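What follows is one structure encoded as structure tokens, with my remarks underneath.
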Ligand SMILES: *Cc1c(COP(=O)(O)O)cnc(C)c1O
């Protein structure tokens, strides 16, 4: 399968090129040239299949022409090795817990898959001895997942750019205290959007590319994007197993960079019977406004308690436009938007705990609230819960007053690193990158 750029000025790329380059040379995002359809027979026994079985079938359809089935199987077995339970919260509303991976964020799914695929198609260490440098901008979760994915893989170095003062204490500990020697955290005096723009500029910079081998691990990477389809199919399978009528299935997707939502739309195009999607966001309402008005107006992001979704110019928006042929009416008839303030997020965390005994994290709370407000009686709704509530312990404890069971990973005390803090300019980043190979 070949991959084209959403801008359309670059040559089509092979899977290998698309995964290694991250971004197309014209600055566009790669898209698969066709979306394969799942054979109908697959749905006959989907309820008996494991998460790994289902992921394998989906991955094989997407990547099977480019990679050996055995390799795909190896990648899946090791990347999809944790539980993704579906929890019934009330009547027709469910929560899909995507946060049981190694860094307690759903980013572990796409990043775990992508890092393993990269090491298969692009063996590291490289024969010529050059280091493969992986750049990632993070709003809190992706950086940790990427650091974990590449931790101590010989021949790699990971640069994590994150916005100063915008991560919560658990996220910042995770990112700045990684004890892997190949992980370089960089604090940026700016927003996540600044970090994302710096990574993009670095990937496209001729001088840096002359000097070093670079790739990006952000959700713009096709391997990361496409592997997020797995959990949509898995969620559906679990509903079937429960004997639930899935005729009118709705997913509520907590959205930042819109990678997860894009994967949902691709899953539907592959034949997963989804009726519609809800894009739920915090008060950074760029996509919400687009759905309402048809006008896309990127702007600076505001800090919110669902901080991983503090995005003012979502990268995957261009992929959604591409999937809907730039047709606002079509997109907004299949995706509806909801946006919530911090006060409303807290209210939802409180109410869901008081009424259902379930502790939501702020991102999952947004998705769940949108279901509560937007789901019809004849619909079945699944809200994606994207990060473990213990990762937001500082903001959740005052709301629900319970002692969250902190997990092992978070407690682990690691050696503190000296973290460089730079201004959001490409030259500052360039300095660090070029110095690293001296
Ligand atoms: C990354 C992230 C999101 C947003 O996902 P996108 O694919 O960027 O829209 C939501 N919640 C959490 C916890 C995340 O880490």
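For the range 321-361, give me each residue that is under 15 Å from residue 296 (Cα atoms), part of a helix (DSSP H, G or I), free of Cβ contacts under 8 Å to residues at least 60 places away in the same chain and within 24 Å of the chain's Cα centre (by Cα).
Hits for the range 321-361 are 328, 331, 332.
Got a sec? Which strands (runs of 3 or more DSSP E) wholly within the range 210-318 have at least 3 residues that are in contact (Cβ under 8 Å) with a residue 12 or more places away in the chain and away from the ligand (no atom under 16 Å from the Cβ)?
Values: elements: 213-216, 249-254, 276-281.
Correct list: 213-216.
Please give the helices (runs of 4 or more DSSP H) falling wholly within the range 101-180 in which 3 or more residues are over 18 Å from residue 215 (Cα atoms). Walk me through how you get there before you give the answer.
Details: elements: 107-121, 142-150, 169-176.
Filter on the range 101-180 gives 169-176.
Please name all residue pairs, on different chains or six or more residues apart, with Cβ atoms under 6 Å, provided the first residue is in the range 94-106 and is in the same structural domain as residue 248 (by TED's automatic domain parsing) and the second residue is more than 12 Å from the ligand (Cβ to nearest atom) and part of a loop (DSSP other than H, G, I, E, B).
97/85; 98/84; 100/82; 100/83; 101/82
Exactly one condition in (1) without any contact (Cβ under 8 Å) to a residue 24 or more places away in the chain; (2) within 22 Å of the chain's Cα centre (by Cα); (3) closer than 28 Å to residue 256 by Cα is not met by residue 10; state its number.
(2)
The values are calculated or read from the model by the stated rules, or taken from the named source; none is laboratory data. Keep in mind the model is a prediction, meaning the values are calculated, not measured. Glycine also receives a Cβ, built like all others from the backbone with ideal geometry; neighbour counts cover every protein chain displayed.
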